[in-house]
Amino acid sequence: MFSFDVSSNIVPTVTGHLEAASKKAVYAMAIQAQKDTSPYVPALTGNLDRRTKVEESRIIYPGPQSRYLYYGKLMIDPATGSSYASYGATKVLTDKDLVFNKAMHSQAQSHWFEASKAENKDKWERVFGKAVKRYFRG
């Protein structure tokens, strides 16, 4: 009998290359997802969208306002009932939905990633697949 253990000689190398290609492909997909999601992000000045960044597989929307806008519910200062609060005041959540200005982004809404994903998921999967092939060869 004569045999070779293919897994010990080839698989670690292939697995390593595939893992590296997959990481790069996930990053490429995240970049595409950020671009495709941009029109859904509420924007009065565009500051939130400009400050958004991609790190590895994560799209990061900075600052506390991004979380507030993402969930789309009005928060008020309990002492005044106003959406403006004094420094150090803790706001409370209401059941009122935020109304987004659509002058800059006509599709602006809360839960913008889910809205974009519903429309673009197939595209993101294609971007990932093409990127894996490109980086695995390369």
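The values are calculated or read from the model by the stated rules, or taken from the named source; none is laboratory data. Small disclaimer: the values here were computed from a predicted structure and weren't measured. Virtual Cβ from ideal backbone geometry, glycine too; neighbours counted across all protein chains shown.
Quick grid of which residues meet (1) touching a strand residue (DSSP E or B) at 6+ places or on another chain (Cβ under 8 Å); (2) of a type outside the set (Ser, Thr, Tyr); (3) modelled with pLDDT under 95; (4) assigned to a loop (DSSP other than H, G, I, E, B):
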{"site": "Ala28", "(1), (2), (3), (4)": "no, yes, no, no"}
{"site": "Arg50", "(1), (2), (3), (4)": "no, yes, yes, no"}
{"site": "Pro62", "(1), (2), (3), (4)": "yes, yes, yes, yes"}
{"site": "Ser82", "(1), (2), (3), (4)": "yes, no, yes, yes"}
{"site": "Lys96", "(1), (2), (3), (4)": "yes, yes, no, no"}
{"site": "Gln109", "(1), (2), (3), (4)": "no, yes, no, yes"}
{"site": "Phe113", "(1), (2), (3), (4)": "yes, yes, no, no"}
{"site": "Lys117", "(1), (2), (3), (4)": "no, yes, no, no"}
{"site": "Val132", "(1), (2), (3), (4)": "no, yes, yes, no"}
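Here is a list: Arg51, Arg67. Which entry is without any contact (Cβ under 8 Å) to a residue 24 or more places away in the chain, loosely packed, with under 12 Cβ neighbours inside 10 Å and not hydrophobic (A, V, I, L, M, F, W, C)?
Answer to the selection: Arg67.
Please work out which residue is nearest to Trp112 (Cα to Cα), limiting yourself to the range 59-97 and to residues that are more than 17 Å from the chain's Cα centre (by Cα) and among the small types (Gly, Ala, Ser).
Here the answer is Ser83.
Could you pull out the residue among Ala103, Ala89, Ala118, Ala43 that is among the small types (Gly, Ala, Ser) and buried (at least 16 other Cβ atoms within 10 Å of the Cβ)?
That would be Ala43, the only listed residue that is among the small types (Gly, Ala, Ser) and buried (at least 16 other Cβ atoms within 10 Å of the Cβ).
Quick check on the range 54-64: of everything there that is surrounded by fewer than 17 Cβ atoms within 10 Å (Cβ to Cβ) and in contact with a Leu (Cβ under 9 Å, 6 or more places away or on another chain), which residue is farthest from Tyr27 (Cα to Cα)?
Gly63
Are there any pairs, at least 6 apart or on different chains, whose C-beta atoms fall under 7 Å, with the first in the range 88-117 and without any contact (Cβ under 8 Å) to a residue 12 or more places away in the chain and the second exposed (fewer than 13 other Cβ atoms within 10 Å of the Cβ) and not in a loop (DSSP other than H, G, I, E, B), and if so, which?
none
If you scan the range 85-94, which residues turn out to be part of a loop (DSSP other than H, G, I, E, B) and touching a strand residue (DSSP E or B) at 6+ places or on another chain (Cβ under 9 Å)?
Ala85, Lys91
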